[in-house]
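The values are calculated or read from the model by the stated rules, or taken from the named source; none is laboratory data. Small disclaimer: the values here were computed from a predicted structure and weren't measured. Counting neighbours? That spans all protein chains shown, and the Cβs are built from the backbone with ideal geometry, glycine included. Areas reflect the complete protein model, heavy atoms only, side chains present, ligands, DNA and RNA absent. Shrake-Rupley method; radii C 1.70, N 1.55, O 1.52, S 1.80 Å.
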Amino acid sequence: MAFDPTATHPSYDAFAPSWRLMRDCMAGEDEVKAKGEAYLPMKSGTRAISDVALRQAAYDAYKLRAEFPELVAPTVRGAVGTMLDQAPVIELPTSMEGLRERATRDGLALEALHRRIATELMVMGRYGVLPGISANGSPYLAGYVAEAITNWDTDDEQRPDWLILNESRLELDRATGKWKRREQYRECFVENGRYGAREWVKSSSGWSATEAVEAATRKREALNELPFVFIDTNDLTPDPDDVPLYGLGKLAVRVYRLDADYTFALHMTSEPTPWANGFADPAEAVKNGQAPTTLGSSKLWLLPEGATAGYLEFTGPGLDAQQRAIQNSLDRAIIFGANLLADTGKTAESGEAIKLRLGNQTSTLKTIAMTSAAGLERALRNLATWVGEDPEKVVVTPNLDFFDHTLSPQEILAIVSGWQSGAFSKQTMFDRFKKGELVPAERTFEEEQELIAAEGGGLGDPDLTDEDGNGQ
């Protein structure tokens, strides 16, 4: 049987539906609505319409009136902004410093690549990085989203030694000016202790592979490991991890479906419906113009003796139940970090209350911050080995403190008063100021004391200090 580069790993097949949902939810309402019944099933009454055109028109109107809640994208942007508010510290060998400004072939700086990794982990729970050397000898990192890492295998030590990456893309035909899709897959493998790769390209005659190319260091030594790095939510192993915000994505779809039914009901019941009875043959009366068919002050209704007329009006209990169901789902979304939908105007929360309420989210953010940094570090170390540098010189240290510790003026006064009253030492006061970002994080207590002495001043009441400037 011929080799099929489009074959996928069983784990890929298992996670593909959740990845698809998250990608669509991240893209927003237009993408979700474009998928039609995948997210919004047709109502049974609509499906019963025999005329195909009328059935589709009714469904399109039903879908058009519905609103898809933008829960996922704002949550992801907020989470990544929180994680990377302070950029990670990245140490590189001198020869690799150029990666800071251009780390990928499409021009991403190293910090921007790290942001992309963190974003993909929040959305999909998975990303991959493959180090490479361009034709002119420049090192780079190539990133792959979860959907592009289609198949893989490991050796006896559970290290990846075979991999398929989907590199299909749109390609411009400059002779015609038209874009067409190029079906291409990259096969990476380790054979006889040597890392190599080949490309599989689809043409009218089927799939064909380029000649395999083996990678070597600048010292002409073969790479004995596949340098691709799997970056998941919790670790750097080939097996995918759970998608962090999958529950939020499902809630967004649930609200979308509830809102479709709610707005449909509003549409059907927003205007009273007139009725009239007392006609021996209603259909014939309508046909002959005897029964009223239009409304307005200029239209006179002439009813037979004994006939009555009125309006059917919707009282609303059903709509209230639908509205409550929508609000309940939105309230549940807050648990997943959709704080933009929270009614924060009702109560004021202290910093500690916020920390408790967002404890699980913060734990997830710390995990992703650590794995994204660890994945980038491993990819850079693999690249360092490739270019002949010491991989131990590559270090990526993430920021894991996501809360604002800035001290208010009242807190500063309280700390100084506590020191002046002898409740704690000047060192303790300095440490609190440092944690509260009043003093630069890199400055030591001794350096701060020297600065104070150079300015000829001190902290607190002079009567509470000895001749050396220390608190009594």
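Here are the numbers for this structure:
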quantity: Complete set of residues in region 27-47 that are open to solvent by 50 Å² or more (accessible area, probe 1.4 Å) and in a loop (DSSP other than H, G, I, E, B); calculated: K35, P41, K43
quantity: For I412: the one exception among (1) part of a helix (DSSP H, G or I); (2) of a type in the set (V, I, T); (3) closer than 26 Å to K366 by Cα; calculated: (3)
quantity: Qualifying residue in region 129-151 (condition: open to solvent by less than 40 Å² (accessible area, probe 1.4 Å), touching a Lys or Arg at 6+ places or on another chain (Cβ under 8 Å) and of a type in the set (S, T, Y)); calculated: yes
quantity: Positions within region 81-134 being polar (S, T, N, Q) and part of a loop (DSSP other than H, G, I, E, B), in sequence order; calculated: Q86, T104, S134
quantity: Qualifying residue in region 251-263 (condition: over 19 Å from D30 (Cα atoms) and among the charged types (D, E, K, R)); calculated: no
quantity: Any hit, region 177-185, residues being surrounded by 12 or more Cβ atoms within 10 Å (Cβ to Cβ), part of a strand (DSSP E or B) and touching a residue at least 24 places away in the same chain (Cβ under 8 Å); calculated: yes
quantity: Single unsatisfied condition, L365 versus (1) in contact with a helix residue (DSSP H, G or I) (Cβ under 7 Å, 6 or more places away or on another chain); (2) modelled with pLDDT of 90 or more; (3) assigned to a helix (DSSP H, G or I); calculated: (2)
quantity: Criterion violated by K63 - all others in (1) under 26 Å from M370 (Cβ atoms); (2) charged (D, E, K, R); (3) surrounded by 12 or more Cβ atoms within 10 Å (Cβ to Cβ) satisfied; calculated: (1)
quantity: Residues satisfying the stated conditions in region 71-123, i.e. touching a residue at least 60 places away in the same chain (Cβ under 8 Å), in contact with a Ser or Thr (Cβ under 7 Å, 6 or more places away or on another chain) and under 28 Å from L21 (Cα atoms); calculated: V76, L113, H114, I117, A118, L121
quantity: Set L54, L64, L110: member being of a type in the set (A, V, I, L, M) and either within 30 Å of L141 (Cβ to Cβ) or in contact with a helix residue (DSSP H, G or I) (Cβ under 7 Å, 6 or more places away or on another chain) (or both); calculated: L110
quantity: Those residues of region 240-287 which are loosely packed, with under 15 Cβ neighbours inside 10 Å and part of a loop (DSSP other than H, G, I, E, B), in sequence order; calculated: D242, S270, E271, P272, G278, A280, D281
